[in-house]
């Protein structure tokens, strides 16, 4: 019984610590109708810190997949509705 109690306390502390570690910040215009956006493009941001090539590709692949599920298409031209995170290969 004592082991179960100690394990429960440790599990509760770990859960509380992970909940406190979350620090998510975002900024968007609440009046914008995001359903109008259909295309996006990766663009470089000069002077920005970048992940290594493997991590950069994994992040972009995950975001590309999620944006595709939401109905957005990636384009290469200058006709994109949205511009995404920096593309390190073009910098």
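Taken together, the values in this text are just the output of simple stated rules run on the coordinates, not laboratory data. Everything numeric here is computed off the predicted structure, so don't read it as measured data. Positions of Cβ are generated from backbone atoms using ideal geometry, with glycine treated the same way; all protein chains shown enter the neighbour counts.
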- Just subtract the alpha-carbon distance of residue 3 and residue 33 from 0.36 nm times their residue separation and send over the number in nm, one decimal. 5.4 nm
- Query: With labels modelled as points extended 7 Å from the Cα through the Cβ direction, what inter-label distance (nm, one decimal) is found for residue 10 paired with residue 41?
  - Reply: 5.4 nm
